[in-house]
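One structure is given here, and the rest of the page talks about it.
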Amino acid sequence: MVHQIKRFTLIFLMILALHLFWYVISDEIGVQKIFLPSPYETYLTLINLFSQTSFWIDIGASWLRVSIAFIISIIIAYPLVLLSILNENLKRGLFLIVEFFRYLPIPVFIPLTILWFGVSDMGKIVVVFLGTFTQMIPMFYDSTLLVKNEYHAAKIALKWSQLKIVKNVIIKGSAPYIFDNSRLCLGWAWTYLVVAELLGAEHGIGYAIIRAQRYLATDRIFSYIIIIGVMGILTDRIMKLSRNRLFPWA
């Protein structure tokens, strides 16, 4: 209990210091509002956003896109990784393709997705999918391979087939690690999504930011930045709590 109090006190003091620094620069030193709005103006704008229908449409559009792309990435990546554990040739071919895409900046695909899909949701989903899928494959593979090697002696003792080892050991044993990998990839998914929305969208957080930039509404830009950060923290904490409940043995 004492440790938690100290931790929360430290976090509070750090946030307070950040806001004090922000206040001094914007209000005391007198940096122009167009470059740096004050904390008061930013939070007032943030409160006003919650009463606007367009705000909730943007939030909902972004959540829908990132959720669909993220789930599709997991559904495709994890089975491919399990098959790669069983087949070395498949692993080599898969990793060759993944490595090619991993070292390509994902934003380079945005002009193509706009050309192919316009400003529809599909283009944003494809961008997020490409970004998360190529990161998931090596991370998922390392996690499953770790479990496979850890229980290699048990496989020999039990004389189980490779398929049975995958079903009864690797899938269950790697599940907590796959969940942790997915938490990391979700943060990247939001990054790719916002970038995609900045360059071509009709709704979404990224579109809202670029719309605010056109009108020099810096307070709105700061507000959306705060919203993205808070949503990231909340999502990560929810997934962390879910992990403890889903995989208590881990």
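Quick notes on this structure:
- Scanning segment 204-213 for residues that are free of Cβ contacts under 8 Å to residues at least 12 places away in the same chain and assigned to a helix (DSSP H, G or I) turns up at least one hit.
- Matching option when the condition is at pLDDT 90 or above and over 15 Å from Ala189 (Cβ atoms), among Pro111, Pro138: Pro138
- Matching residues, segment 8-38, being open to solvent by less than 100 Å² (accessible area, probe 1.4 Å), touching a residue at least 12 places away in the same chain (Cβ under 8 Å) and closer than 17 Å to Leu216 by Cα: Ser26, Ile34, Leu36, Pro37, Ser38
- Boolean, Leu36 is farther than 30 Å from Gly200 by Cβ and of a type in the set (A, V, I, L, M, F, W, C): no
- A single member of Ile71, Ile97 is out of contact with any Phe, Trp or Tyr (no Cβ under 8 Å at 6 or more places or on another chain), open to solvent by 80 Å² or more (accessible area, probe 1.4 Å), at pLDDT 90 or above and over 12 Å from Phe140 (Cβ atoms), and it is Ile71.
- Filter pass, Ile227 being surrounded by 17 or more Cβ atoms within 10 Å (Cβ to Cβ) and over 29 Å from Asp180 (Cα atoms): no
Yes/no per residue for (1) within 30 Å of Ile85 (Cα to Cα); (2) crowded, with 17+ Cβ neighbours inside 10 Å:
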residue	(1), (2)
Tyr177	yes, yes
Arg183	yes, no
Leu198	no, yes
Tyr207	no, yes
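The values are calculated or read from the model by the stated rules, or taken from the named source; none is laboratory data. Please read these numbers as outputs of a predicted model, since none were measured by experiment. FYI the Cβ positions are ideal-geometry reconstructions off the backbone, even for glycines, and counts take in every protein chain you see. All accessible areas refer to the heavy atoms of the entire protein, side chains included, with ligands and DNA or RNA removed. Shrake-Rupley method; radii C 1.70, N 1.55, O 1.52, S 1.80 Å.
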